[in-house]
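I have placed the structure first, in the form of structure tokens, so that the comments after it can refer back to it.
The values are calculated or read from the model by the stated rules, or taken from the named source; none is laboratory data. Model, not experiment: these values are computed from the prediction. Please note: Cβ atoms are built from the backbone with ideal geometry, for glycine as well, and neighbour counts cover all protein chains shown. Remember, those area values only see protein heavy atoms, side chains included, never the ligands or the DNA or RNA. Shrake-Rupley method; radii C 1.70, N 1.55, O 1.52, S 1.80 Å.
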Amino acid sequence: ANQPQEVTQEQINAMVEGLAQKLKENPNDVEGWAMLGRSYVNLRRYAEASIAYARLTALVPNDAQLLADYADVLAMKNGRSMKGEPEKLIIQALTIDPDNIKALALAGTAAFQRKSYNSAIEKWQKLLTLVPTESQIAAQISANISQTQGLIGQPLAAKKNGAGQSVAASVSAAS
């Protein structure tokens, strides 16, 4: 009798839709928009998540973490491309907080996608100074730096860990 019931996907969807309806009645609920945005991301409903984050960042315009999260959602919505609005949001986030871990990871990824490899390495090297040395994120950052250095013919700084995961994805998972 005391065992928790398993929540079905339909129940989760119903809870998320219920939250969306509540936000129509209370459109200035910052915590509600944050929860809705994260819920949509977890459901991989990036178009809806981007709407929630747009509203959230309108309510809280100078929060570097929210801007980085919004940039990440827009990139996911656009096939992982940082081009355009995601990159503008990343720049805005780094202007507010130059040491924001997620924004730095995304900035490195954006530079890499533009083939600005030295800039990507620079962002990731800074990021490496901000995360725990023995963390999985640090290992992934080092692997990305090494891979990028290999692309431009620089000596490799670290071994590739073979995880195959982008730094931005590692940081998203960690946050």
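Just to be sure, is ILE91 under 14 Å from the mean Cα position of the chain (by Cα) and not charged (D, E, K, R)?
Values: under 14 Å from the mean Cα position of the chain (by Cα): yes; not charged (D, E, K, R): yes.
Answer is yes for this residue.
If I go through the range 114-136 residue by residue, how many of them are assigned to a helix (DSSP H, G or I) and hydroxyl-bearing (Ser, Thr, Tyr)? Break it down stepwise before answering.
Filtering the range 114-136 for residues assigned to a helix (DSSP H, G or I) gives 117-128, 136.
When the remaining residues are screened for being hydroxyl-bearing (Ser, Thr, Tyr), the result is 117, 119.
Residues in the range 114-136 being assigned to a helix (DSSP H, G or I) and hydroxyl-bearing (Ser, Thr, Tyr): 2 in total.
Residues that are within 17 Å of ASN78 (Cα to Cα), β-branched (Val, Ile, Thr) and in contact (Cβ under 8 Å) with a residue 12 or more places away in the chain do not occur anywhere in the range 1-24. Is it true that ASP69 is within 15 Å of the chain's Cα centre (by Cα) and surrounded by fewer than 24 Cβ atoms within 10 Å (Cβ to Cβ)? In short, no.
I'm trying to understand the selection: among the residues of the range 126-136, which are open to solvent by 40 Å² or more (accessible area, probe 1.4 Å) and under 18 Å from the mean Cα position of the chain (by Cα)?
Step one: of the range 126-136, the residues open to solvent by 40 Å² or more (accessible area, probe 1.4 Å) are 126, 128-130, 132-134, 136.
Correct list: LYS126, LEU128, LEU130, GLN136.
Counting only residues that are among the polar types (S, T, N, Q) and part of a helix (DSSP H, G or I), the range 90-108 holds 2 of them. Annotation note: Cβ proximity below 7 Å between a residue of the range 41-52 that is hydrophobic (A, V, I, L, M, F, W, C) and a residue that is open to solvent by 50 Å² or more (accessible area, probe 1.4 Å) (sequence gap 6+ or interchain) occurs for ALA47/LYS77.
All of ALA143, ALA111, ALA139 fail the test of being open to solvent by 30 Å² or more (accessible area, probe 1.4 Å), more than 25 Å from ILE51 (Cα to Cα) and not in a loop (DSSP other than H, G, I, E, B), apart from ALA139. Does the range 82-89 include one or more residues that are among the basic types (Lys, Arg), in contact (Cβ under 8 Å) with a residue 12 or more places away in the chain, surrounded by fewer than 18 Cβ atoms within 10 Å (Cβ to Cβ) and outside any helix (DSSP H, G or I)? Checked the range 82-89: at least one residue is among the basic types (Lys, Arg), in contact (Cβ under 8 Å) with a residue 12 or more places away in the chain, surrounded by fewer than 18 Cβ atoms within 10 Å (Cβ to Cβ) and outside any helix (DSSP H, G or I).
Take the residues in the range 90-108 that are closer than 26 Å to LEU43 by Cβ and among the β-branched types (Val, Ile, Thr); name whichever of them is least open to solvent (accessible area, probe 1.4 Å). Here the residue is ILE90. Inspect the range 150-163 for any residue being outside any loop (DSSP other than H, G, I, E, B), modelled with pLDDT of 75 or more and within 12 Å of PHE112 (Cβ to Cβ) and give the result as yes or no. Within the range 150-163, one or more residues are outside any loop (DSSP other than H, G, I, E, B), modelled with pLDDT of 75 or more and within 12 Å of PHE112 (Cβ to Cβ). Evaluated against (1) open to solvent by less than 50 Å² (accessible area, probe 1.4 Å); (2) modelled with pLDDT of 95 or more, VAL16 falls short on exactly one condition, (2). Restricting attention to the range 22-58 and to residues that are among the basic types (Lys, Arg) and in contact with a Gly (Cβ under 9 Å, 6 or more places away or on another chain), the residue that is surrounded by the fewest Cβ atoms within 10 Å (Cβ to Cβ) turns out to be LYS22.
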